[in-house]
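**Q** One structure, pasted below without further comment.
The values are calculated or read from the model by the stated rules, or taken from the named source; none is laboratory data. Owing to the predicted nature of the structure, the values given are computational and were not obtained by experimental measurement. Here the Cβ is made from the backbone with ideal geometry for all residues, glycine too, and neighbour counts use every protein chain on show.
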Amino acid sequence: MKILVVGGGGREHAVIKKIKENSAVTEIFALPGNGGIARDATCVGIKATDIDGIAEFAVSNRIDYAIVTPDDPLCLGAVDRLTAEGIPCFGPVAAAAIIEGSKVFAKNLMRKYNIPTAEYEVFESPEDALRYVADCPVPTVIKADGLALGKGVIIANTREEASDAVRTIMEDRKFGKSGDKIVVEEFLTGPEVSVLAFTDGKTVVPMVSSMDHKRALDGDRGPNTGGMGTIAPNPYYTEAVAAECMERIFLPTVDAMNREGRTFKGCLYFGLMITPKGPKVIEYNCRFGDPETQVVLPLLKSDLLGIMMACTNGTLADVPVVFDDKCAACVILASKGYPEKYDKGFPITFPEELSDNIFVAGAALSEGRLVTSGGRVIAVTEVADTLREAVDKAYRDAGLVEFENKYFRRDIGQKALDA
Ligand code: AMP
Ligand code: GLY
């Protein structure tokens with residue numbers, strides 16, 4: 001089978017490595033892939049947002065199955081287009097991907113269907129928003145409606161910060177059109193849990209839970225990033241919490257999307273906060289998380305491609321989805337300065353025996369050598385019987401990968417180990 005994977009980050013590398021375990025797979029194309037993915041797939045220089053280019057490539061290369069994992073192409077309708085060309089595809093159609101593409105949509109969906117989430121107000125003009133935040137309770141959370149590379153959320157500790165956030169998003173238009181509308185929501189507290197779930201629109205199968213570390217610096221300080229490391233399973237996601245999430249959040253969400261005529265098929269990501277009043281939804285994503293995928297998939301014992309195809313075909317209830325009863329830890333090796341300014345083009349080296357544990361995110365090939373080309377460069381993942389062991393091994397690996405300006409957090413997994 002010829003498989004096409006749209007995207008080119010650490011998440012896509014993890015997906016590609018996993019589907020390669022299926023012996024029916026003969027060839028994998030990554031669009032655009034990256035310098036590290038090139039070891040495991042044929043990388044083709046077509047951008048993940050070039051929907052026409054992707055569709056033409058898929059048709060002319062007689063692709064048997066396509067996997068779309070990044071938010072942008074999903075929201076742009078890559079799955080709709082590939083499906084229309086007769087190519088079966090993993091991922092939601094654009095009408096369902098809106099659950100991530102518009103925070104206003106997601107919040108209104110949760111309100112309408114009684115799915116637990118923070119209280120909120122929606123604003124379409126800066127004047128109304130400024131009037132509201134002038135005497136709203138603080139801290140408060142300001143969110144740009146549309147996609148903003150994970151940076152469109154501002155936690156304001158004072159009303160002044162809240163007004164600044166409104167101006168930045170709606171007047172200075174820091175996130176462009178994504179800031180046409182904003183959500184101002186109640187500040188919640190409690191540990192965060194990421195749960196990725198497979199769904200075919202009927203059955204929902206949650207994967208092993210995980211914990212992301214979104215802030216750039218140790219101790220959860222510094223700016224928000226795409227994610228600096230993950231562990232799985234998440235100790236705060238107890239069996240009781242899992243049961244409550246299934247009943248009050250996961251099944252109601254899939255059901256709500258059906259009722260709205262927006263059946264969601266693919267991987268639905270639940271960003272949860274375990275508040276004193278129970279689990280609540282912080283955000284939905286219409287895709288695998290990055291770097292959650294880099295700890296979740298190494299623990300998956302079942303055939304990923306088979307599960308994905310079952311999501312497409314509506315037969316998810318018939319396939320096994322089994323996770324190893326072990327722990328995983330992933331440390332992101334980033335370029336110093338990420339998520340703001342950083343230099344690139346530095347050669348990367350690591351011992352060959354580490355290659356199974358490495359997922360490449362921001363690296364390119366230059367004269368046959370792997371060089372840094374992005375903020376998040378490499379993810380190293382280890383699986384072990386205990387979280388302590390997985391974390392220690394991942395940090396040992398982190399020391400073995402070398403490139404100039406390498407930066408990583410030193411406390412990935414600490415909160416989970418303390419829990
Ligand atoms: P998001 O991009 O929606 O995941 O938000 C980024 C981060 O902001 C989350 O991981 C939370 O740590 C934080 N956050 C978002 N919404 C809230 C909220 N209502 N209360 C407290 N923290 C929040
Ligand atoms: N790691 C968070 C995300 O993928 O959005």
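**Q** Which one is surrounded by the fewest Cβ atoms within 10 Å (Cβ to Cβ), of the residues in the range 344-355 that are free of Cβ contacts under 8 Å to residues at least 40 places away in the same chain and over 16 Å from K406 (Cβ atoms)?
**A** E352
**Q** So, in the range 188-210, exactly how many residues are over 14 Å from the mean Cα position of the chain (by Cα) and farther than 30 Å from N157 by Cα?
**A** Total meeting the criteria: 9.
Residue-wise test of (1) in a loop (DSSP other than H, G, I, E, B); (2) at negative phi; (3) away from ligand 2 (no atom under 16 Å from the Cβ); (4) surrounded by 20 or more Cβ atoms within 10 Å (Cβ to Cβ).
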site: T189; (1), (2), (3), (4): yes, yes, yes, no
site: M211; (1), (2), (3), (4): no, yes, no, yes
site: N234; (1), (2), (3), (4): yes, yes, no, yes
site: N258; (1), (2), (3), (4): no, yes, yes, no
site: F264; (1), (2), (3), (4): yes, yes, yes, yes
site: D290; (1), (2), (3), (4): yes, yes, no, yes
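**Q** Is it true that A363 is at pLDDT 95 or above and closer than 20 Å to S210 by Cβ?
**A** no
**Q** Scanning the range 1-52 for residues that are more than 23 Å from S366 (Cα to Cα) and among the basic types (K, R), which turns out nearest to the chain's Cα centre (by Cα)?
**A** K18
**Q** Now for a separate question. Just a yes or no: is a residue in the range 267-275 in a loop (DSSP other than H, G, I, E, B), within 15 Å of ligand 1 (Cβ to nearest atom) and under 30 Å from I378 (Cα atoms)?
**A** There is no residue in the range 267-275 that is in a loop (DSSP other than H, G, I, E, B), within 15 Å of ligand 1 (Cβ to nearest atom) and under 30 Å from I378 (Cα atoms).
**Q** Could you look through the range 73-89, keep only residues that are more than 21 Å from the chain's Cα centre (by Cα) and outside any loop (DSSP other than H, G, I, E, B), and pick out the one that is nearest to K265 (Cα to Cα)?
**A** That would be T83.
**Q** Of the residues I99, I37, only one is farther than 26 Å from G201 by Cβ and not polar (S, T, N, Q); which?
**A** I37
**Q** Determine the pairs where a residue that is of a type in the set (K, R) and at pLDDT 95 or above, located within the range 271-290, has a partner that is part of a strand (DSSP E or B) and within 10 Å of ligand 2 (Cβ to nearest atom) with Cβ atoms under 8 Å apart, the partner being 6 or more residues away or on another chain.
**A** R287/Y269
**Q** Enumerate the pairs (first residue in the range 126-154 and under 27 Å from N285 (Cβ atoms); second residue anywhere and assigned to a helix (DSSP H, G or I) and near ligand 1 (Cβ under 9 Å from one of its atoms)) with beta-carbon separation below 7 Å, excluding pairs fewer than 6 apart on the same chain, so at least 6 apart or on different chains.
**A** K143/K103; D145/K103
**Q** Show the residue pairs that are 6+ apart or on different chains and have beta-carbon atoms under 7 Å apart, the first residue being within the range 176-199 and free of Cβ contacts under 8 Å to residues at least 60 places away in the same chain and closer than 12 Å to A148 by Cβ, the second being part of a strand (DSSP E or B) and within 16 Å of ligand 2 (Cβ to nearest atom).
**A** S178/A144; G179/A144
**Q** Report those strands (runs of 3 or more DSSP E) wholly inside the range 341-419 carrying at least 1 residues which are over 22 Å from the mean Cα position of the chain (by Cα).
**A** Passing ranges, in order: 363-366, 369-372, 376-384.
**Q** Which of the residues spanning the range 105-127 are in a helix (DSSP H, G or I) and either more than 13 Å from ligand 1 (Cβ to nearest atom) or among the basic types (K, R) (or both)?
**A** Hits for the range 105-127 are F105, K107, N108, L109, R111, K112, P126, E127.
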